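Colleague: For reference, the structure I am asking about is given below.
Derivation of every value follows stated rules applied to the coordinates shown; laboratory data play no part. Note that the coordinates shown come from a computational prediction; the quantities given were computed from them, not determined experimentally. FYI the Cβ positions are ideal-geometry reconstructions off the backbone, even for glycines, and counts take in every protein chain you see.
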Amino acid sequence: MRWKRWCAVGAAVFSLWASEAHATTVITFGNDPQPGDENILLNTGLSGNPIFGVTNMTGLTVRFTGSETLTAPASGQARIEAIDGAFTNLSVDIPNGSFESLILNLDAMANGTVDFIATTNTGVEFFNNVAVGGSGSNFFTFTTLHEQRLISLGLSADVPLQFADAAQFRIGGAQLDVTATPVPEPATMLMMGAGLAAIARRRYRRQA
């Protein structure tokens, strides 16, 4: 029957969407440079919330937002700190833009865990309870799959962990004016499938 074929097509479409909608971001423990990566220049000596850096090749603005006043010290390694010496959360994005990868090094003040949230042009992914050490070096590399693009990457330390700084930022595939194509919610997909099936049944009955 034709309506059964329509149902099968709808189910296949939904299955394909479901597989593509998940696992769009990968976290790698360590410094894993990607083709076309750029350094994010800080060292401005400025303080505020947010504060801004600039990519070293394309000159794009990168925004750093936290829950307290941040600073980018003018001396030493390019890094983000808090005015009071410790912070617990940070978000990185390109105003009116997106990117494909991000590398950062977290200087944790003790052993603990951190939660990451990756927002892409098609959804949100969480990486919870990721272990970090108090040795002063915790590199993480985030990359996207299926031609997805990162809109922002956020991190939040789990109590009582705090960070002394975040440094050695590298960003890949950064660009402006990227318009994301919305992905229908599962309920919307199911409604579309049911509607197609109903139309097919009516046509089948008329032809019978």
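Colleague: Please give me the summed charge of the neighbours of ALA167: other residues whose Cβ is under 12 Å from its Cβ, Lys and Arg +1, Asp and Glu -1.
Modeller: -1
Colleague: Local charge sum around THR143 (other residues, Cβ-Cβ under 14 Å, Lys/Arg +1, Asp/Glu -1)?
Modeller: Its environment carries a net charge of -3.
Colleague: How high is the FRET efficiency between GLN175 and ASP84 when r is their beta carbon distance and R₀ equals 30 Å, given to the nearest 0.05?
Modeller: That pair, GLN175 with ASP84, gives E of 0.30.
Colleague: Which FRET efficiency, nearest 0.05, do HIS146 and VAL124 yield, Cβ-Cβ r, R0 22 Å?
Modeller: The value I calculate is 0.90.
Colleague: In bins 5 Å wide, starting from 0, what share of all Cα pairs of segment 23-180 does each bin hold, as a percent?
Modeller: 2, 10, 20, 24, 22, 15, 6, 1, 0
Colleague: How charged is the neighbourhood of GLY85? Take every other residue with its Cβ under 15 Å from the Cβ of GLY85, and add Lys/Arg as +1 and Asp/Glu as -1.
Modeller: Cβ neighbours under 15 Å give a net charge of -4.
Colleague: For the residue pair VAL159 and MET57, what label-to-label distance in nm results when each label sits 7 Å from Cα along the Cα-to-beta-carbon direction?
Modeller: Simple spin-label model gives 4.4 nm for this pair.
Colleague: Then there's this: Find how many whole Å separate the alpha carbon centroid of segment 82-128 from the alpha carbon centroid of segment 136-173.
Modeller: One Cα centre to the other: 4 Å.
Colleague: Now a separate question. Just in segment 37-97: which GluC sites (Glu not before Pro) are loop by DSSP and have at most 13 other Cβ atoms within 10 Å?
Modeller: GLU68
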